[in-house]
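Colleague: Once you've had a glance at the structure underneath, I'll fire off some questions.
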Amino acid sequence: MSAPGYFISFEGGDGVGKSTQARLLGQWLGELTGREVVLTREPGGTELGKELRAAVLHGQDMDPRTEALIYAADRAHHVASLVRPALERGAIVVTDRYLDSSVAYQSGGRELGADEVELISRWAVQDLMPDVTILLDLDPAAAAARIRRQHDRLERAGAEFHRRTREAFLARAAADPERWIVLDASATIGDLQAQIRVDVAARLELTPVVEEAEDTVAADSDDGFDDTDSAIGYTPGVGLLPETPTGPATGSGATRA
């Protein structure tokens, strides 16, 4: 792994545990490498993104093209103001969703043209793509059981919507195996995080210590598969810094000493 940074995205349907796994991976990478780790998400990784996220998740009767363009606007601002600058200064960026979500949700779930959605999305980010994309795959029925308490517009979209979205994610992963890592999200938090660390370390050419991953993950996260804001506690633009050698950790939403 070398500067100018490394870009990792997490993808998958609602309720698969992306937020939890992204946070745990970011903490581990910071501790292991001593590099700055920026933990972010889409939509909502910036102050503007938080407003756009609210519009998408809680808006009523939104036309699919409107939704796709809002996501593209959020992504353009997110990349220009946060992701690209972090990569250029050598940080590791870990994002909970990126443009693959737009293609899967808008073309698969909303049944827009996949080529059109991808064209808009790539234009918005000037073709900046992750080095590694981790797809957490889970049957939509199992995922739905994890998020029964959530009631935003996407979670209410219905079983067929989420089935098509899952198929779209799997199709994208199959078409680009060098970028994608597909993992079974029905595993325990610890087992899943341990496998993520092994796979990411191989891509980063690191030598991970994973024997105690399950125990450390269980201690860090007892809420399971929370894909809500509370899973990471985002403050847009704040990076997650390693405990060593640069000092105390500063998580997204934490206050610097």
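The values are calculated or read from the model by the stated rules, or taken from the named source; none is laboratory data. Note that the coordinates shown come from a computational prediction; the quantities given were computed from them, not determined experimentally. Heads up, the Cβs are rebuilt from the backbone with ideal geometry, glycines too, and the neighbour counts pull from every protein chain shown.
Colleague: Hey, can you tell me all the residues within segment 16-42 that are crowded, with 24+ Cβ neighbours inside 10 Å, small (Gly, Ala, Ser) and assigned to a loop (DSSP other than H, G, I, E, B)?
Modeller: Passing the criteria: only GLY17.
Colleague: Shifting gears a bit: Go through (1) in contact (Cβ under 8 Å) with a residue 40 or more places away in the chain; (2) part of a helix (DSSP H, G or I) for GLU51 and report which single condition fails.
Modeller: Every condition holds for GLU51 apart from (1).
Colleague: Hey, among the residues in segment 97-129 that are polar (S, T, N, Q) and surrounded by 24 or more Cβ atoms within 10 Å (Cβ to Cβ), which one's modelled with the lowest pLDDT?
Modeller: GLN106
Colleague: In segment 85-115, how many residues are part of a helix (DSSP H, G or I) and either in contact (Cβ under 8 Å) with a residue 24 or more places away in the chain or among the aliphatic types (A, V, I, L, M) (or both)?
Modeller: Result for segment 85-115: 15.
Colleague: Checking ASP176 against (1) loosely packed, with under 15 Cβ neighbours inside 10 Å; (2) at pLDDT below 90; (3) acidic (Asp, Glu), only one condition comes out false. Which one?
Modeller: Unmet condition: (2).
Colleague: If I filter segment 53-80 down to residues being among the basic types (Lys, Arg) and touching a helix residue (DSSP H, G or I) at 6+ places or on another chain (Cβ under 8 Å), which single residue comes out as surrounded by the fewest Cβ atoms within 10 Å (Cβ to Cβ)?
Modeller: The extreme case among them is ARG53.
Colleague: Please enumerate the residues belonging to segment 18-29 that are over 21 Å from VAL79 (Cβ atoms) and in contact with a Leu (Cβ under 6 Å, 6 or more places away or on another chain).
Modeller: Hits for segment 18-29: nothing passes.
Colleague: Got a sec? Which of LEU206, LEU183, LEU136, LEU192 is modelled with pLDDT of 95 or more, farther than 17 Å from SER102 by Cα and not in a helix (DSSP H, G or I)?
Modeller: LEU183
Colleague: Here is a further query. Could you pull out the residue among VAL83, VAL94, VAL132 that is touching a Leu at 6+ places or on another chain (Cβ under 6 Å) and either closer than 22 Å to ARG23 by Cβ or surrounded by fewer than 21 Cβ atoms within 10 Å (Cβ to Cβ) (or both)?
Modeller: Within the list VAL83, VAL94, VAL132, the selection yields VAL94.
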